[in-house]
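Remarks on the structure that follows.
The values are calculated or read from the model by the stated rules, or taken from the named source; none is laboratory data. Since the structure is predicted, the reported quantities are computational estimates derived from the model, not experimental observations. Neighbour counts are summed over all protein chains in view; Cβ atoms, including those assigned to glycine, are modelled from backbone coordinates with ideal geometry.
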Amino acid sequence: MQAFPFNNQYLTLGETFFRKTRPSPVSNPALIRFNDALADEMGLPMQDFNADDIAAVFSGNVVPDGAEPLAMAYSGHQFGHFSPQLGDGRAILLGEISGAGGASMGLQLKGSGRTHYSRNGDGRAALGPVLREYLVSEAMYRLGVPTTRALAAVTTGEEVARERLVPGGIITRVASSFVRVGTFEYFASRGDVQSIQMLADHVIAQNYPQALEEEDPYAALLQAVTDGQASLIARWMQLGFIHGVMNTDNMSVAGETIDYGPCAFMDAYDHDQVFSSIDHQGRYAYSNQPAIGLWNLTRLAECLVPLIDENIDAAVECAQDILQSYRSSHEDDWLSGMCAKCGLSHVSDEVKSQDKALIEDLLDMMAANHADYTLTFFNLSQLSAQPSDKDRVCTDLFGDQAQFDQWLSRWRERLARETCSDEQRQANMQSINPVYIPRNHQIEAAIRAAEDHDDFSVFHELHEVLESPYVQQAGKDRYMQPPEPDEVVECTFCGT
Ligand code: AMP
Ligand code: MG
């Protein structure tokens, strides 16, 4: 078999950054799904591998040549409280590969056994969360949101103890970096400025080489991460995505969505929706995500201050200016995305503030009427600039139809300022308002079929629908629908 083209850069940082750790073998690995397209993109030589070979590698039973597996050290603020010693407790980085254009792609097994950082954990993952992460991360990618990718999922043939015994699984994820805000915090909390600098240099080299052209590369790094996060969270908000556990150890410095745990897409719009049953205070509620993004970035800024300027006051001022830019950058990203969802292109500052009011009124009305977020925008994308019978598809989602009709009239008045044709506007709207999102009750159905009946067909069909989220597919209408009352999933933290 040909070797994987590993080019392991993280390893060169030295053993204060990680512990070398081999995956613990599992008894009976079986492949659930392999992402051939991603493997191709990574240049993985899979032609000689059959399904058993793939399962052997992506369960950790066979470590491919050139892999130098390790568990990364990190700390993190969890629900606002600092934990100095977290780290990869159930994840192992096999190695990194230089993808197309030299971009780094790290390859990590999750659920592959205990590591130095496992504390009391078993180092394993349950099948349910593996399937959830596979579905949601790949759907995010297809929706156009920066994210870690899923390369492979396997069952282990072993059970893991959660609230009860459940089947075990392992997911292989791919990221342009597995460095988290918490990785910087690990060294900052130990007063190890030299390691912070090595880590910053590593992140710049791998993810932000353009920062090297700036007068202060470390300030440029903070700015780049800040801009990336502002834009990433705007994308989440535009799609109704709730991450669920935005602890600093679950925020990638590469601007990718990472660590899919108790995450979910909203069905009915609710500004304050919380999905994770362990988030009692609503810290990571939908509407709180932009503010939490800034809170986490502030923790990163604190770590980078010693690198930005020898004069600490000057460094703090510089970092504060960068953090200041987050709010307006996020707001701009959010508003332009929401306007696009409504078919509005920016015309002037005056119209911009009216557009914002128009969008906020729509969201308020959706909340008051429990209207489905995704369906509302999808249906709006089908409407013409002139009232027609089609309006009903949208109006029907709102109990207070007269109020919604009034909003439609305002929207149409605003559309009159647009210059593109009605068809073009509809096409533009349909290209960003998804038909399908990974709805929580459908993910749950896929997990139940797999866990309870060893039937992965529900998972595969859902995955296939989500490969083209912006294209309405014949016979797949049920994937567009929100849950019936008895299908609503109340708890998403079960057994991560
Ligand atoms: P998470 O909630 O997945 O972001 O994990 C928070 C921390 O707990 C990380 O350091 C994980 O590696 C660790 N962790 C979570 N689950 C396990 C497990 N089953 N075994 C060992 N460590 C775990
Ligand atoms: Mg995590």
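Those residues that are outside any helix (DSSP H, G or I) and either of a type in the set (A, V, I, L, M, F, W, C) or in the same structural domain as residue 75 (by TED's automatic domain parsing) (or both), I need them from segment 193-231; list them, please.
Of all residues in segment 193-231, those outside any helix (DSSP H, G or I) come to 208, 214-216.
None; the set is empty.
Can you confirm whether residue 302 is farther than 30 Å from residue 419 by Cβ and touching a residue at least 60 places away in the same chain (Cβ under 8 Å)?
Numbers: farther than 30 Å from residue 419 by Cβ: yes; touching a residue at least 60 places away in the same chain (Cβ under 8 Å): yes.
When the stated conditions are applied, residue 302 passes them.
Please state which of the following conditions residue 249 fails to meet, knowing it meets all the rest: (1) within 13 Å of ligand 2 (Cβ to nearest atom); (2) outside any helix (DSSP H, G or I); (3) of a type outside the set (Val, Ile, Thr); (4) more than 22 Å from residue 143 (Cβ to Cβ).
Of everything listed in (1) within 13 Å of ligand 2 (Cβ to nearest atom); (2) outside any helix (DSSP H, G or I); (3) of a type outside the set (Val, Ile, Thr); (4) more than 22 Å from residue 143 (Cβ to Cβ), residue 249 misses just condition (2).
Considering only segment 276-299, state which residues are within 16 Å of ligand 2 (Cβ to nearest atom) and in a loop (DSSP other than H, G, I, E, B).
Across segment 276-299, the qualifying residues are 276, 278, 279, 283, 284.
Tell me, which helices (runs of 4 or more DSSP H) lie completely within segment 410-496 with 3 or more residues that are farther than 30 Å from residue 154 by Cβ? Even if it seems obvious, please write down each step before you answer.
Numbers: elements: 422-430, 440-453, 457-466.
Because the criterion is at least 3 residues that are farther than 30 Å from residue 154 by Cβ, the helices (runs of 4 or more DSSP H) in segment 410-496 that meet it are 422-430.
Residue under question is residue 343, and the condition is that it be part of a loop (DSSP other than H, G, I, E, B), touching a His at 6+ places or on another chain (Cβ under 9 Å) and farther than 30 Å from residue 165 by Cβ; does it hold?
Working: part of a loop (DSSP other than H, G, I, E, B): yes; touching a His at 6+ places or on another chain (Cβ under 9 Å): no; farther than 30 Å from residue 165 by Cβ: yes.
Spelling it out, it is not the case that residue 343 is part of a loop (DSSP other than H, G, I, E, B), touching a His at 6+ places or on another chain (Cβ under 9 Å) and farther than 30 Å from residue 165 by Cβ.
Please determine whether any residue of segment 415-428 is surrounded by 14 or more Cβ atoms within 10 Å (Cβ to Cβ) and in contact with a Pro (Cβ under 8 Å, 6 or more places away or on another chain).
no
Name the one entry in 281, 324 that is more than 20 Å from the chain's Cα centre (by Cα), more than 16 Å from ligand 1 (Cβ to nearest atom) and at pLDDT below 95.
Details: 324 fails: at pLDDT below 95.
Being more than 20 Å from the chain's Cα centre (by Cα), more than 16 Å from ligand 1 (Cβ to nearest atom) and at pLDDT below 95 holds for just one of 281, 324, which is 281.
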